[in-house]
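The values are calculated or read from the model by the stated rules, or taken from the named source; none is laboratory data. On a predicted model such as this, the values are computed, not experimentally measured, just so you know. Here Cβ is always computed from backbone atoms with ideal geometry, including for glycine, and neighbour counts include all displayed protein chains.
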Amino acid sequence: MHCQRVRSFLSAYCKDELSEKRTRAIAEHLDNCPKCRSEEQTMRRILGAARSLPQPQLPTDFNSTLLNRVAEQRHRETRSKAYLPKGIPVFTFGRVASVVATVCLVGAFIFAGGIDYLLYPDNPDMYAVETSSADGLDDSYLTVLPEADHVLTAHQSRDWTFRKQLDRATRIKQLMNRLSGETRFGSLASGTNQQGSLAGPRVFIQWPQPRTQLYLNMTAPETLSVRGVNTVTN
Amino acid sequence: MAKLTEKEQDHILLRQVKNGDMVAFSKLVDRYKERLMNVIFRMLSSQQEAEDIVQETFLRVYQHRDSFDFKHCFSTWIYTIALNLARNELRKRKRFKFFDITDMQGHENEISVEMDLPSNLPQALDKAIGGLPDKYKTAFILRDVQELPYDEVAKIMNIPLGTVKSRVNRARSLLRDKLKPRMEENHALSKGTLLPVSLL
């Protein structure tokens with residue numbers, strides 16, 4: 001065995017951690033190599049010193065302090081588990097508070113229309129419009145979906161609670177932009193005239209600046225047709 | 001009647017603790033407090049923090065006494081708890097590095113310890129252990145200071161047996177490299193400072 005290899009095993013040799021065969025081989029080498037023998041003695045002294053390191057002292061009141069802390073712990077356990085049969089979970093303040101906080105957060109999320117928002121992410125084709133309540137239309141708000149050039153389909157806004165948080169003026173402006181082409185608007189108007197239906201509740205979109213009113217007829221429970229646009233100039 | 005092993009004695013005491021016997025708990029504390037202090041103090045190099053960790057360890061043992069699995073060794077369990085707490089403490093220290101006036105005292109001690117080598121070898125070794133990287137330090141303390149078997153050290157540190165052996169071997173080599181020059185120097189000095197015959 002070479003010196004370098006013997007030295008890599010020296011600490012294990014000193015602690016009797018090697019196999020019998022390897023121990024014998026190292027012992028033979030040490031008999032004939034004074035340098036490795038010196039290394040072995042150094043290692044034995046270090047490992048011997050490891051067993052007699054200065055022992056850190058614990059304070060004399062260590063046990064009493066600890067037992068007091070344990071007694072407090074026992075007191076808490078007995079108080080919280082009083083009158084409860086084994087196996088029933090103990091509701092501590094922390095647990096109850098976390099459950100209440102979670103319920104409140106989930107409730108607020110649902111109330112604010114978060115689920116609708118998740119189901120219907122920002123869809124540019126959905127616009128909320130106001131309708132005139134004077135004509136007996138109960139639905140206060142409608143969402144208008146342009147389906148064809150001259151017919152708009154409306155259904156009751158499912159996501160109004162969330163949508164109202166958005167900028168209404170921007171959405172109405174987007175709707176107006178879709179209807180702004182001259183040809184397109186004309187066909188919308190003629191479509192309405194051909195049907196000749198003025199019956200049903202009247203719906204209008206009011207755009208405050210400049211004051212523009214878009215008149216629509218509700219020809220079927222879920223269908224709106226455009227009747228006309230009126231721009232008021234001051 | 002055959003003498004009970006350490007493991008069996010621990011398990012008997014722990015069963016009594018589970019039944020609410022505080023005297024048995026006190027006996028368990030007496031059996032382990034110094035061993036734990038020995039390990040944790042060397043890992044943290046702070047008496048106060050080591051005391052706190054040892055206290056916290058026993059408190060955790062009490063809190064989780066019902067979850068102990070009697071298939072395992074109690075000593076492995078308690079060492080694991082203590083080492084995890086000590087590791088958390090070391091992690092906290094890395095996050096918040098404080099300037100401590102005891103550091104300055106430490107440097108003074110270092111010089112004086114080096115001057116004492118090797119006549120005061122245990123103290124010098126203690127200091128050298130403190131300078132080892134954490135993973136080697138833990139392995140060396142558990143194996144060579146606490147004299148735990150390799151397989152138990154592997155369970156406590158949650159690493160393979162071969163890794164423990166190599167870490168212990170590496171730690172021993174590092175300590176030898178650190179201490180040997182001082183030991184030789186001191187040996188030569190002791191030879192050279194023999195008093196002249198005239199003074200005897």
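Observations on the structure shown:
- One residue stands out among those in segment A:35-52 that are at the interface with chain B (Cβ under 7 Å from one of its Cβ atoms) and among the hydroxyl-bearing types (Ser, Thr, Tyr): the one that is nearest to B:Arg176 (Cα to Cα), which is A:Thr42.
- When B:Asp10, B:Asp66 are checked against the criterion of being in contact with a helix residue (DSSP H, G or I) (Cβ under 7 Å, 6 or more places away or on another chain), in the same structural domain as B:Glu89 (by TED's automatic domain parsing), closer than 25 Å to B:Ile159 by Cβ and among the charged types (D, E, K, R), a single residue qualifies: B:Asp10.
- Residues of segment B:133-171 classified as within 12 Å of chain A (Cβ to nearest Cβ) and assigned to a loop (DSSP other than H, G, I, E, B), total: 3
- Enumerated helices (runs of 4 or more DSSP H) restricted to segment B:1-94, each holding at least 2 residues that are more than 11 Å from every other protein chain (Cβ to nearest Cβ), over 20 Å from B:Glu147 (Cβ atoms) and more than 19 Å from the chain's Cα centre (by Cα): B:6-18
- Within segment B:120-169, the residues that satisfy the criterion of being among the hydroxyl-bearing types (Ser, Thr, Tyr) and under 14 Å from the mean Cα position of the chain (by Cα) are B:Tyr136, B:Thr138.
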